[in-house]
Each structure stands twice: as C-alpha cells, then as structure tokens.
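Following: one structure in structure tokens, then a few remarks.
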Amino acid sequence: MSIDSAPASASPPPPTPVSTAGGKKPTRPGDRVFLGLARGSGITLLVIMAAIAVFLTWQATKALGENEGNFLTTFEWDVNAEPPVFGIAVLAFGTVVSSIIAMVLAVPVSIGIALFISHYAPRKLATPLAYVVDLLAAVPSIVYGLWGALFLVPHLTGLYEWMDEYLGWTGIFEYNGGAARSLFTAGILLAIMILPVVTNVSREVFKQSPKMQEEAALALGATRWEVIRMSVLPFGRSGVISASMLGLGRALGETMAVATVLSPSFLIAPSLLDPGGGTFAQNIAASFKEASPAGVGREALIASGLVLFVITLLVNGLARLIIARRKEYSGANA
C-alpha cells in the first residue's frame with residue numbers, strides 16, 4: 001500500500017472556546033458567573049461616580065444661586081453675610097501652587113530612587129529598599145501632618161532664611177519671619193507623601209524595559225548611564241508621566257496633612273514663604289464643622305468640593321489617556 005493511500009488518523013476535535021472574543025458568550029457556568037461579577041463591578045463603579053457627581057451638583061446649586069460674588073474669581077469667603085459672598089480664587093491658587101511645588105520636588109527624586117532600585121542596587125539592598133518605599137505609602141495622612149507640624153515646620157526656619165538671603169530678590173522667596181506655615185511647607189510635605197506613589201509606578205515600568213535592548217547596548221560598550229538614557233528612560237517616559245499624574249491627583253486632594261501645617265487665610269501672598277493661603281480640601285476640613293446647616297455654608301463647601309472633584313477627574317483621565325497611548329511595557333520581556 002502506498003503512503004498516499006494510507007488512512008489518515010482521526011484528529012481530536014478542536015476545544016470549545018470559552019472566551020468572549022468575537023462576541024461569543026461563555027459556555028461554562030463559572031465563566032458566566034465571573035463575567036457577570038466583572039461587568040456588575042464596572043457598572044457599580046460608574047453608578048457610584050455618577051451619584052457623587054449628581055449629589056455635589058445638586059447641593060452646590062443652592063449656594064451658587066445665592067452667592068453675591070463670582071464663585072471663580074472672588075477672594076473672600078463669608079457665608080454668614082447677607083447676602084453670602086464666597087469664591088475659590090485663593091483656594092484654587094493654593095491648591096495648584098502647593099501641588100506644583102510637590103511635583104517639582106518629588107518627581108526627580110522618585111525617578112532617581114526607582115532607577116537605583118531597578119538598575120543599580122544589588123538585590124540584597126533593592127528588596128528592603130523597595131519595601132521601605134512601599135511602607136511609606138501606607139503611612140496615614142494625619143501622621144504625616146503631625147510630623148510636619150511638630151518637626152518639619154520648626155526646622156525649616158534655617159532653610160527659609162537661606163532662601164531669603166540668596167533668592168529673596170525675586171520676591172517669590174522673600175522671608176519676613178514668623179512660623180514656616182506656608183504653601184512652600186505644604187508643598188514639601190506633599191512631596192514626601194506622593195514620593196512612594198511615583199516611585200513605585202516608575203520602578204515597575206523601568207523593570208519591564210526590554211532587556212534585549214539593554215544587553216545589546218552593553219555589548220556595544222555603552223556605560224550603565226548610557227543604557228538608561230538611551231533605552232530605559234525613553235521606554236518608560238509614558239509610565240513616568242502617568243505616575244506623576246497619579247501623584248498629582250493625591251496632592252490635589254490631600255486634606256489633613258495640609259490642614260495641620262498651613263495657616264489658613266484668604267489672601268494670596270506675593271512670597272511662597274509667607275504664612276497663609278489655603279486649598280480646597282483644607283478649607284472643607286477646617287470649615288465644615290462650623291458651617292451652619294440652616295444657611296448656605298455647607299452647600300458652599302460642597303460647591304468647592306465639586307470643583308476639586310472635576311479637577312481630580314481631569315487629572316486622572318489625562319493619566320489614563322497617556323497610559324493608553326503607549327502599551328509597550330505590557331509584556332515587553334515576554
């Protein structure tokens with residue numbers, strides 16, 4: 001018998017697909033249950049976010065209708081006046097400035113720590129150092145605030161005097177004495193708080209950079225820094241930006257730590273070292289208890305919370321868009 005006429009062996013039938021690719025529904029009960037739970041969780045999250053937005057908008061409408069001034073440009077916050085006058089100009093300035101200070105201080109240090117853990121430190125040192133950074137993210141905000149008020153504020157006087165001596169001519173870093181309870185102090189404290197967030201995300205992105213490219217650069221005679229500059233940093237640029245945006249989101253909404261170290265006032269000081277200022281979250285935490293339920297005090301605070309809610313959503317949405325633009329670090333080393 002020739003080979004061509006030999007009967008072909010029966011091949012087993014292909015397995016039944018269980019995924020939902022191509023619009024097919026899962027056939028196994030466990031897959032259907034998991035699909036329902038995952039879909040229900042996503043829908044629940046959207047419902048919660050929509051409920052928060054509706055609640056904030058509904059509560060803020062009353063206060064905005066009775067406000068005598070412009071809510072976006074007024075520098076005053078007097079909800080007990082007749083009619084009430086309040087605005088978020090000072091709060092927006094303080095929130096943005098303290099967050100920018102925190103980002104300027106924290107992001108370069110976070111990138112350096114992430115690169116050291118992922119590419120420089122030996123494993124015996126990198127593992128405990130990464131654990132310490134993770135532990136910093138678990139410290140409660142009020143603990144940071146107490147440390148900032150009892151330790152950081154008294155020890156910043158020397159730094160303020162040095163900045164006034166060499167940078168006071170700019171006007172931005174002019175120091176006129178007094179306690180160091182300024183937006184600059186709040187920015188330093190926020191930088192310490194967001195440092196583990198930016199470091200952890202950046203470290204994971206750097207660890208997933210293509211190893212073949214790094215080894216090829218080393219084989220061609222590149223130094224460790226040249227490998228990082230030409231291979232690791234370009235690959236992780238989007239991840240670092242996304243990590244920075246996530247840290248910015250936390251800095252914008254931080255409450256207790258800022259309220260502990262900042263001397264609240266509704267004045268915009270020309271110098272970052274002058275005591276005073278305020279943020280959205282700090283003003284809500286400090287004024288909510290005294291706000292009368294009968295007037296528009298609480299609704300005015302909720303209106304400022306609505307602005308902070310929108311800003312935070314925009315920041316996190318921008319971070320997600322940056323992540324979606326570049327997905328090479330997902331499975332790059334496979």
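The rows are residues; the columns are (1) more than 30 Å from Lys207 (Cβ to Cβ); (2) at pLDDT 85 or above.
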position: Leu220; (1), (2): no, no
position: Arg224; (1), (2): no, no
position: Val227; (1), (2): no, yes
position: Leu233; (1), (2): no, yes
position: Leu248; (1), (2): no, yes
position: Val258; (1), (2): yes, yes
position: Leu272; (1), (2): yes, yes
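Could you tell me which of the residues Leu129, Leu189 is in contact with a Gly (Cβ under 7 Å, 6 or more places away or on another chain) and within 26 Å of Ile241 (Cα to Cα)?
Leu189
Looking only at region 95-124, count every residue that is at pLDDT below 90 and either among the β-branched types (Val, Ile, Thr) or in a helix (DSSP H, G or I) (or both) and tell me the total.
Summing the residues that are at pLDDT below 90 and either among the β-branched types (Val, Ile, Thr) or in a helix (DSSP H, G or I) (or both) in region 95-124 gives 5.
Quick test of your reading of the structure: Ala216 fulfils all but one of (1) part of a helix (DSSP H, G or I); (2) crowded, with 19+ Cβ neighbours inside 10 Å. Name the failing condition by number.
In the conditions (1) part of a helix (DSSP H, G or I); (2) crowded, with 19+ Cβ neighbours inside 10 Å, Ala216 misses (2) alone.
Any idea which residue in region 178-197 is surrounded by the fewest Cβ atoms within 10 Å (Cβ to Cβ), counting only those that are among the small types (Gly, Ala, Ser) and touching a helix residue (DSSP H, G or I) at 6+ places or on another chain (Cβ under 7 Å)?
The residue in question is Ala179.
So which residues in region 219-231 are outside any helix (DSSP H, G or I) and either surrounded by 13 or more Cβ atoms within 10 Å (Cβ to Cβ) or on the phi > 0 side of the Ramachandran plot (or both), if there are any at all?
Passing the criteria: Gly221, Ala222.
Determine which single condition Gly148 fails, assuming it passes every other condition in (1) touching a helix residue (DSSP H, G or I) at 6+ places or on another chain (Cβ under 9 Å); (2) farther than 18 Å from Gly253 by Cα; (3) buried (at least 17 other Cβ atoms within 10 Å of the Cβ).
(2)
Would you check which residues across region 198-210 are basic (Lys, Arg) and surrounded by 24 or more Cβ atoms within 10 Å (Cβ to Cβ) and list them?
Hit for region 198-210 is Arg203, nothing else.
Can you tell me which residue is surrounded by the most Cβ atoms within 10 Å (Cβ to Cβ) among those in region 162-177 that are out of contact with any Gly (no Cβ under 9 Å at 6 or more places or on another chain) and under 17 Å from Pro275 (Cβ atoms)?
This residue is Met163.
The values are calculated or read from the model by the stated rules, or taken from the named source; none is laboratory data. Given the structure is predicted, the values throughout are model-derived calculations rather than measurements. Ideal geometry is used to build each Cβ from the backbone, glycine not excepted, and the neighbour counts take in all protein chains shown.
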